[in-house]
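The values are calculated or read from the model by the stated rules, or taken from the named source; none is laboratory data. Small disclaimer: the values here were computed from a predicted structure and weren't measured. All Cβ positions, glycine included, derive from the backbone under ideal geometry; neighbour counts span all protein chains shown.
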Amino acid sequence: YAHALGADYIEQDIVLTKDNIPIIMHDPEIDTTTNVATLFPDRARENGRYYSVD
C-alpha cells in the first residue's frame, strides 16, 4: 500500500522480546493489541500493563 502511494521507504518499529526475538510492533505495551491480559491475568506489571520484553 505504501509503495502504491509512492512512498520511498517505510519506518518500522522493532522491539525485542524477553528472549531477544525482534518483532514489529509500534508500542512496547502488548495489552492493547493482544489477549495477553486474558491469558496471563497474574503477570501484569505493577502499573497494570504488559510489555513485549516480559
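Residues checked against (1) at pLDDT 85 or above; (2) part of a loop (DSSP other than H, G, I, E, B); (3) in contact with a His (Cβ under 8 Å, 6 or more places away or on another chain):
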site: ASP19; (1), (2), (3): yes, yes, no
site: ILE23; (1), (2), (3): yes, no, no
site: HIS26; (1), (2), (3): no, yes, no
site: ASP31; (1), (2), (3): no, yes, no
site: THR34; (1), (2), (3): yes, yes, no
site: THR38; (1), (2), (3): yes, no, no
site: ASP42; (1), (2), (3): yes, no, no
site: ASN47; (1), (2), (3): yes, yes, no
site: ASP54; (1), (2), (3): no, yes, no
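Cβ-Cβ contacts under 9 Å between residues 6 or more apart (or on different chains), taken from a first residue in the stretch 3-19 that is under 28 Å from TYR51 (Cβ atoms) to a second residue that is among the polar types (S, T, N, Q) and surrounded by 10 or more Cβ atoms within 10 Å (Cβ to Cβ), are listed as VAL15/SER52; LEU16/SER52; THR17/SER52; LYS18/SER52.
Pairing residues of the stretch 28-50 that are within 20 Å of LEU16 (Cα to Cα) with residues that are basic (Lys, Arg), at Cβ distances under 6 Å and at least 6 apart in sequence or on separate chains, gives GLU29/ARG49; ASP31/ARG49. Filtering the stretch 24-52 to residues that are of a type in the set (Gly, Ala, Ser) and touching a helix residue (DSSP H, G or I) at 6+ places or on another chain (Cβ under 8 Å) leaves only ALA44.
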